[in-house]
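Below: one structure, written as structure tokens.
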Amino acid sequence: MTVTAQTTSNTDTTTTSNTDTTNTGSTIAISAEDRAARLASAGQAWNERIAASAKNAQLVFSAKGSAQGSVSSVITAGKHTFTVDEPTPLAGDDAAPNPVEYALGAFISCQIVVYRLYAHNLGLTIESLDVSAEGDLDVQGLFGADETVRPGLSAVRVNVEITGPDSDEAYQELQKTVDAHCPVFDIFTNPTPIDVTVTKTN
């Protein structure tokens, strides 16, 4: 199972296009200067909020979903809505990416965000950035065929391709910094407490 994403930026041109991987398939165009201004503004604003009170750094993200069709679901997160499905071998209609593909997509997109943030902070130039991820999953865990097999991914491989004028060593250090500060990388690599409540409704 492989998921890829691409974002481009050329500091020598006025506008660049980033492929938007939402269900709309739209394209977002932004100049390198505008991106730099956004990153600087966001960084300054958050530094000021956190300096005022560490409590300002605490965020709560939420999403909700409703079952649809065979095994698909419609997920709402804020003002955004998207569909999740499974391929036909897993009883789905293959109408949308499956949950694991969305998880890999979330990993990729979070990496791209953090690469942008820290490249800006460190004064590095990213002319293009391509990230792909693939994960191994043994469905024996899903179907209970072998209770010793975990139902989740047993391994994830990530490939990051960067073009830019800075040294290879600088981009390698950037990668270490990104992985140390990427929220979804942390979700994948560290246990997170989960509290589940089931309620019967009439």
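Derivation of every value follows stated rules applied to the coordinates shown; laboratory data play no part. Being a predicted model, the structure only gives us computed values, none of them experimental. Every residue, glycine as well, gets a Cβ built from its backbone with ideal geometry; the counts of neighbours run over all protein chains shown.
Key figures
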{"item": "Distance violations [Cα-Cα > 31 Å] among 64/176; 55/79; 79/200", "result": "64/176"}
{"item": "Chain lengthening between residue 154 and residue 39 when straightened (0.36 nm per residue, less Cα-Cα)", "result": "37.9 nm"}
{"item": "Neighbourhood charge, 12 Å Cβ-Cβ cut-off, centred on residue 173 and excluding it, Lys, Arg +1 and Asp, Glu -1", "result": "-3"}
{"item": "The chain: angle of helix 99-122 to the longest principal axis, Cα-based, in degrees nearest 10", "result": "10"}
{"item": "Between 0 and 90°, nearest 10: helix 32-52 axis offset from the chain longest Cα axis", "result": "80"}
{"item": "C-alpha center-to-center spacing [the stretch 114-161, the stretch 178-197] in angstrom", "result": "12"}
{"item": "Size of charge dipole - the chain - debye, nearest 20, with Cβ of Lys, Arg +1 and Asp, Glu -1, no other charges", "result": "980"}
{"item": "Descending Cα extents along the principal axes, the chain, whole Å", "result": "54, 37, 34"}
